[in-house]
Amino acid sequence: MRIMAANLVKKILEDGGFTQRELSEKSEVSLATINQVCNQRLDVTTRTKSKILKGLNLLTAGELSPGTVFVLPEEPLSTSGNQ
């Protein structure tokens, strides 16, 4: 079972007053992918996460780290014994 990482991309964009299109251009990731990530509909590869993180850091002039943008949820408890 694959667990999708939650992300704060949309919040970071909104807080900074940036658009998804701006992030798409800075990160060199398609606008469609950025939109799906912002809406928690797509779990992207490590490479794409790195590109998005780079774009966010260019927009915000910040030092965001992967752990502050893409957060794995706590491991769900299994009651069925199947893992």
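The values are calculated or read from the model by the stated rules, or taken from the named source; none is laboratory data. What you see is a predicted model; the values in this text were computed from it and never measured. Neighbour counts run over all protein chains shown; Cβ positions are idealised from the backbone, glycine included.
Taken over the range 21-66, the criterion of being surrounded by fewer than 16 Cβ atoms within 10 Å (Cβ to Cβ) and of a type in the set (Lys, Arg) is satisfied by Arg21, Arg41, Arg47, Lys54.
Among residues of the range 67-83 being surrounded by 10 or more Cβ atoms within 10 Å (Cβ to Cβ) and modelled with pLDDT under 85, the one that is nearest to Ser30 (Cα to Cα) is Val71.
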